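**Q** Got a structure for you, written out below as structure tokens; questions coming shortly.
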Amino acid sequence: MKPILTSLSRRLLILLGLGGGIALAAFLISHARAPQHSDSAAPAPTLRVIELQPVALQIEARGLGTARSAERWQAVANVAGRVVERHPDLESGNLLPAGTLLLALDPSRYQLAIAEAEAEAQRLSAEQAQLDVEAESTRRLLALEQERLDLTEQELARIEQLATTGSASRSQLDEQRRASAAQRRAVATLENELSLIPSRRQQLAAQQARAAVLLAQAKQDLADTRFEAPYALRLSEVEVELHQYIAPGQRLFSADSLAAAEVEAQIPLGMLRRVLGSVATAAAAPNGPNVPNSPIPETRRLNERMDFSAVSAEVRLVGDEQVRWPAELTRVASGLDPVTRSARVVVRVAHPYRDASPPDRPPLQPGMLTQVTLSAASPEPQLVVPAAAVHPATEDAKHADGDQPLAGSREGHRTRLVYRLDAEDRLRHTPVEVAFEQGGLAVIAAGLAPGDRVIVDDPLPAIDGMQVNPRPDPALEARLKDEAQAPAQAPQPAQTPSAGATP
């Protein structure tokens, strides 16, 4: 009986539990409150904003290039000879001042050639003096013979007159005629000698000129036996030793000037056009700067159409941004790089070895990979925003103001999207034309105006028309202005390193 009672008790407890649960659920459902709708809006997000004002922008262009010497000396022998003197520091890498005797060849044969040429010049000078004496003597003799001829002619005339009257014989007349003819022949001979004097002078002058050329050549050959540094230089390759015999045309050594270095940088054409366009002179076209399609004379140099002095240039060592040198834009090389299609710009660095303190600060040496930065002031103030505040434009945003393009937009400018605050502090999707981006800045060509407030945060979600709690960020405004106007920093020059130092 006890097992049967136990089973009935369990079933009764389960039924009582289920009944109680159903009753409790019915009670809760019958007394539950319906959900209520709230009309209060979500709190407006707090976003940073900046107020746009035109700023003076420094337009920049950057590119990579390899340094090289602005002037390189490749020493080649013009004359033959044995090396009799070699500077002890004539080794690759050494620095030597201007005027240093680097190498000397045996000068003996050229000294003998000079002595021979000088002796020939003296001989010709003596011959010239002798010719002058002969000319003067011949003139005096001619004057005497001319007087004798006059007397002979007078005597001939007297005898002819006597012969007509029979007072003089025929033989006397013939003899006087022969004497007169002989005297005329003597005068003619002296006149011929005098007439040959100018041609003899010309021949002698030609010989003297040839002797002068030989003497000058001998002196030049003698000078070519000595190799002196034409400027302060750093030796590169040395291929000659003491007592070595040198043949004409043989390479001896090469050296780079310490006065200046050059860097030919490859700069994107678009960047370079912006920089050079900001420094175009008013005389860029013969009919004036505002005449469309004005032809530019082919003979006019580019630096005459562009004010290169208004472009600031700086060279930095790739891998160490702190190592930099001030530079100047000298020219734009012809053509584009065939691989990168970039413009080839050449800048010049004066005194690349100044302020050198290896290894922390090396001099600008040939072969160094560098970054070249060109900058120029924009002709007009520009509106700039942080590049992070510009977003990709959707098709709806592109046509938010209708199907017409933005005022001031130009070909090549990109349509992007900026979050702007309206007068009621509501977020508005504003399409803009971005002229170009530079560093962390985006230059706005159209779509915004001075005084507009631009959201610099990235709200999620960014719903057009939503209410915003603006928080001005004057520090960011000042930082944008400083970044836009930041000039290139240039190191202060120091003294040129002493001769013989090897960085």
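**Q** Ranking request for peptides 226-238, 332-344: highest mean number of other beta-carbon atoms within 10 Å first, then the rest in descending order.
**A** 226-238, 332-344
**Q** To continue, here is another question. How far is it, in nm, from the label point at residue 228 to the one at residue 162 when both lie 7 Å from their Cα along the line to the Cβ?
**A** Once both label points are built, they end up 8.3 nm from each other.
**Q** Would you mind computing, in nm to one decimal, how far apart the modelled labels at residue 98 and residue 84 are, each placed 7 Å from Cα along Cα→Cβ?
**A** Here the answer is 2.9 nm between the modelled labels.
**Q** Working only with C-alpha atoms, what are the Rg and Dmax values of the stretch 98-161, expressed in angstrom?
**A** 28.0, 92
**Q** What percentages, rounded to whole numbers, describe P(r) for the stretch 38-107 computed over all alpha carbon pairs with 10 Å bin width beginning at zero?
**A** Answer for the stretch 38-107: a P(r) of 10, 22, 14, 10, 9, 9, 8, 7, 6, 4, 1 percent.
**Q** Net charge near residue 319: determine it from the other residues with C-beta under 14 Å of the C-beta of residue 319, scoring Lys and Arg +1 and Asp and Glu -1.
**A** Local net charge: 0.
**Q** What is the extension gain from residue 330 to residue 136, computed as 0.36 nm multiplied by their sequence separation minus the C-alpha to C-alpha distance, in nm to one decimal?
**A** Once the chain is fully extended between residue 330 and residue 136, it gains 63.3 nm.
**Q** Quick check: from the Cα gyration tensor, does the stretch 40-198 come out rounded (a/c under 1.5), prolate or oblate?
**A** Judged from the Cα gyration tensor, the stretch 40-198 comes out oblate (a/c at least 1.5, b/c at or above a/b).
**Q** While we're looking at this one, here's another question. If you plug each phi of the stretch 238-245 into the Karplus form 6.51 cos²θ - 1.76 cosθ + 1.60 with θ = phi - 60°, what whole-Hz ³J(HN,Hα) values come out, in order, with x for Gly and Pro?
**A** 10, 10, 9, 10, 5, 6, 6, 7
**Q** Compare the peptides 183-190, 241-248 by average per-residue count of other Cβ atoms within 10 angstrom and give them in order, highest first.
**A** By packing density, highest mean first, the sequence is 183-190, 241-248.
**Q** How much of the accessible area of the stretch 212-274, probe 1.4 Å, is carbon plus sulfur, in whole percent?
**A** That share works out to 55 percent.
**Q** Between residue 387 and residue 64, what is the spin-label point distance in nm, taking each point 7 Å from the Cα along the Cα→C-beta axis?
**A** In this crude spin-label approximation the distance works out to 1.7 nm.
**Q** Quick one: 3J(HN,Hα) in Hz for the stretch 307-312, Karplus 6.51/-1.76/1.60 with θ = phi - 60°, rounded, Gly and Pro as x.
**A** 8, 4, 5, 7, 9, 8
**Q** Right, another one. For a protection proxy built on the mean count of beta-carbon atoms within 10 angstrom, sort 160-173, 436-449, 109-122, 462-475 highest first, please.
**A** Result, highest mean first: 436-449, 109-122, 462-475, 160-173.
**Q** Given H placed 1.01 Å from N in the peptide plane, which residues other than close sequence neighbours of residue 393 have an amide H under 5 Å from its amide H?
**A** For residue 393, the qualifying residues are 417.
The values are calculated or read from the model by the stated rules, or taken from the named source; none is laboratory data. Keep in mind that what you see is a predicted model, and the values were worked out from it rather than measured. Positions of Cβ are generated from backbone atoms using ideal geometry, with glycine treated the same way; all protein chains shown enter the neighbour counts. For the accessible areas, the whole protein counts, side chains as well, though only heavy atoms, and no ligand, DNA or RNA atoms are used. Shrake-Rupley method; radii C 1.70, N 1.55, O 1.52, S 1.80 Å.
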